[in-house]
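All remarks here apply to the structure that follows.
The values are calculated or read from the model by the stated rules, or taken from the named source; none is laboratory data. All values reported here derive from a predicted model rather than from experimental measurement. Using ideal geometry, Cβ is built from the backbone for each residue, glycine included, and neighbour counts are taken over all protein chains shown. When the accessible area is computed, the model is the full protein with side chains, heavy atoms only, and any ligands, DNA or RNA have been set aside. Shrake-Rupley method; radii C 1.70, N 1.55, O 1.52, S 1.80 Å.
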Amino acid sequence: MTALPIRSIAIVGGGTAGWMTAVSLAKFFKAANVRVRLIESEQIGIIGVGEATIPPIMHFIRGAGIDENDLIRKTQSTFKLGIEFKDWTRIGHSYLHPFGNTGFDLGPVAFSAYWLKAFREGRASRLEEYSLEATAAYAAKFMRPVQAANSPLEKITYALHFDASLFARYLRSIGEARGVERTEGKVKSVALQSDNGFIRALTLESGEQVEADLYIDCSGFRGLLIEGALQTGYEHWNRWLPCDRAVAVPCERTAALSSYTRVTAKSAGWQWRIPLQHRIGNGYVYGSGFISDAQAQEELVSSIEGKAFAEPLKLQFSTGRRKRFWNKNCVAIGLSAGFLEPLESTSIHFIQRGIALLLSYFPDRNFNTADMDRYNKIVTSEYERVRDFLLLHYGSTERDDSEIWRYCRSIDKPDSLRERIELFQSCGRLIREDNELFPMQSWLYVLVGQNLMPQNDDPLVNILDPRQVMDNLDNIRSVVRQCSAAMPKHEDFIKQNCAAVVATAAAASS
Ligand SMILES: Cc1cc2nc3c(=O)[nH]c(=O)nc-3n(C[C@H](O)[C@H](O)[C@H](O)COP(=O)(O)OP(=O)(O)OC[C@H]3O[C@@H](n4cnc5c(N)ncnc54)[C@H](O)[C@@H]3O)c2cc1C
């Protein structure tokens, strides 16, 4: 078959997904004279939430040629070392899921195996004490990795919290500078080719027609192209993840700048707290079957730490995924592709993965079915693994103080998650599937945090000399403490390196 290169790409949507995609594609295709157009409607606007990220975002930022400090200054960003889960296991209990690596293996014996044994015997501290990211997060510390041979300071792993609206604006300025053609306007209708059902053209409210070889649907929850035009179908996951609404409100910051996201389990869902330079982002993600909108708003507003900077923003969603992410000549990226609630801050990561995989399987105008199938298979698997990870938090709660938590305890877990829990609970085994986002240590933190402790030791752990194990654990914990003590306060690090241009209440409510 003759190769027919893609000549033009139309992206519908100018939220985080649209502009991340535009910036990336423009970088690669500008030289090849591929036309990249982005259509967005200010009248519809963007979702405007999505402020916590995970470490792979730093690869996106660097790969896109973005100056990290410049981005931080202009998007009111702060640094993030992990996520604290409060009241998830039981009220009054908390644990942290930090980024980065904890401890090190001893030959064939994983750190997790010898720590679990020592902890069960009452000879080891909490897992977080062996992680520099967790220890520094609890002490409101931060710095970027520095050269320091054999020290955890070399490998500090971090992500960002940023203002979602400012982030989309920032990306837009880069995209436009790279030659992305932006059209302000509303897509009114989508025409399909009569022979194969591929998208032929978009008609805007202005009457303008936009034609392209490849269409990227970044239109948000509405999925204007992938669903509205192509009727691809959606797989709902509400039976596993019972929340379907959120209310968000930014407020004044009253405490020192923390370097982690906090998520607190509440009466009908959970609440996020995301520290930015100019404000705190707060939101309550809840199940509409378990609380009224008015009660949820009241529960959120009454628990925020400072003066609210805006009216509460209400959002509805359906957790799940599109049946095909890539259908014909349309690829859905962002909320149009699917939604997993932001408990582990994964949505923006899925945007990034969608872009990276699109580049790996980039089509020509023949649209090879095998490429599309492979893309859909990988993204499906990644969504399912993250779904399982989120369900692990809900489905292993000990709480029975309200209806949602009683429901969560009765959820019939997918076999994939059940297998992982069984493997861990038998003798502490952890697994990571191909391309899976979260490493084994992420699973370890949440399994331990949710109190799903193994009944037996890993058989291999008994080959170790118990004294050597204790020396190692003591040494790791002591190095972590020293390193954390040497790190600056998060607030001071930002002041010295990347303080926002305007850090005022006015900026917070804009
Ligand atoms: C409550 C909540 C909390 C979240 N928190 C996080 C988080 O902490 N971390 C994280 O990673 N993610 C989070 N997310 C997800 C994150 O917000 C999204 O992944 C991200 O903002 C991408 O959104 P988007 O660009 O796909 O859609 P949107 O922001 O909705 O953008 C859609 C775009 O499509 C345009 N559009 C729509 N229809 C038309 C039309 N007819 N014509 C022209 N243009 C059109 C709109 O104008 C807009 O520009 C959260 C989501 C929710 C709901």
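Figures for the structure shown
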| item | result |
| --- | --- |
| Per-region count, the stretch 264-279, residues of a type outside the set (D, E, K, R) and within 13 Å of the ligand (Cβ to nearest atom) | 7 |
| Residue 26, sole failed condition from (1) touching a Lys or Arg at 6+ places or on another chain (Cβ under 7 Å); (2) open to solvent by 10 Å² or more (accessible area, probe 1.4 Å) | (2) |
| Any hit, the stretch 75-82, residues being part of a helix (DSSP H, G or I), surrounded by 15 or more Cβ atoms within 10 Å (Cβ to Cβ) and not assigned by TED's automatic domain parsing to the domain that holds residue 439 | yes |
| All positions within the stretch 368-386 that are without any contact (Cβ under 8 Å) to a residue 40 or more places away in the chain and out of contact with any helix residue (DSSP H, G or I) (no Cβ under 7 Å at 6 or more places or on another chain) | 368, 369, 370, 371, 373, 374, 377 |
| Single residue of 171, 204 found to be within 16 Å of the ligand (Cβ to nearest atom), within 26 Å of the chain's Cα centre (by Cα), farther than 30 Å from residue 479 by Cα and modelled with pLDDT of 95 or more | 171 |
| Test: residue in the stretch 305-312 that is within 16 Å of the ligand (Cβ to nearest atom), more than 27 Å from residue 446 (Cα to Cα), assigned to a loop (DSSP other than H, G, I, E, B) and among the hydrophobic types (A, V, I, L, M, F, W, C) | yes |
| Sole residue being open to solvent by 40 Å² or more (accessible area, probe 1.4 Å), free of Cβ contacts under 8 Å to residues at least 60 places away in the same chain and on the phi > 0 side of the Ramachandran plot, chosen from 456, 451, 435 | 435 |
| Total residues in the stretch 121-171, condition touching a Ser or Thr at 6+ places or on another chain (Cβ under 8 Å) and basic (Lys, Arg) | 1 |
| Flag if residue 39 is modelled with pLDDT of 95 or more and out of contact with any Cys (no Cβ under 8 Å at 6 or more places or on another chain) | yes |
| Per-region count, the stretch 1-53, residues more than 7 Å from the ligand (Cβ to nearest atom), of a type in the set (D, E, K, R) and part of a strand (DSSP E or B) | 2 |
| The one condition in (1) touching an Asp or Glu at 6+ places or on another chain (Cβ under 7 Å); (2) at pLDDT 95 or above; (3) on the phi < 0 side of the Ramachandran plot that residue 320 fails to fulfil | (3) |
| Test result for residue 7, within 17 Å of residue 168 (Cα to Cα) and open to solvent by 70 Å² or more (accessible area, probe 1.4 Å) | no |
| Of all residues making up the stretch 384-410, the number that are closer than 30 Å to residue 326 by Cβ and open to solvent by 10 Å² or more (accessible area, probe 1.4 Å) | 3 |
| Any pair with Cβ under 9 angstrom, 6 or more apart, that starts in the stretch 180-191 at a residue that is aromatic (Phe, Trp, Tyr) and ends at one that is crowded, with 18+ Cβ neighbours inside 10 Å | none |
| Qualifying residue in the stretch 278-285 (condition: surrounded by fewer than 21 Cβ atoms within 10 Å (Cβ to Cβ), under 17 Å from the mean Cα position of the chain (by Cα) and in contact (Cβ under 8 Å) with a residue 40 or more places away in the chain) | no |
| Residue under evaluation residue 441, criteria (1) assigned to a helix (DSSP H, G or I); (2) open to solvent by 40 Å² or more (accessible area, probe 1.4 Å), criterion not met | (2) |
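Condition check ((1) open to solvent by less than 10 Å² (accessible area, probe 1.4 Å); (2) within 22 Å of residue 451 (Cβ to Cβ)) across all residues:
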{"position": "85", "(1), (2)": "yes, yes"}
{"position": "109", "(1), (2)": "yes, no"}
{"position": "112", "(1), (2)": "no, yes"}
{"position": "129", "(1), (2)": "no, yes"}
{"position": "138", "(1), (2)": "no, yes"}
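To keep it simple, each residue is scored yes or no on (1) in contact with a helix residue (DSSP H, G or I) (Cβ under 9 Å, 6 or more places away or on another chain); (2) outside any strand (DSSP E or B); (3) in the same structural domain as residue 26 (by TED's automatic domain parsing).
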position: 202; (1), (2), (3): yes, no, yes
position: 221; (1), (2), (3): no, yes, yes
position: 225; (1), (2), (3): no, yes, yes
position: 254; (1), (2), (3): no, yes, no
position: 264; (1), (2), (3): no, no, no
position: 270; (1), (2), (3): yes, no, no
position: 278; (1), (2), (3): yes, yes, no
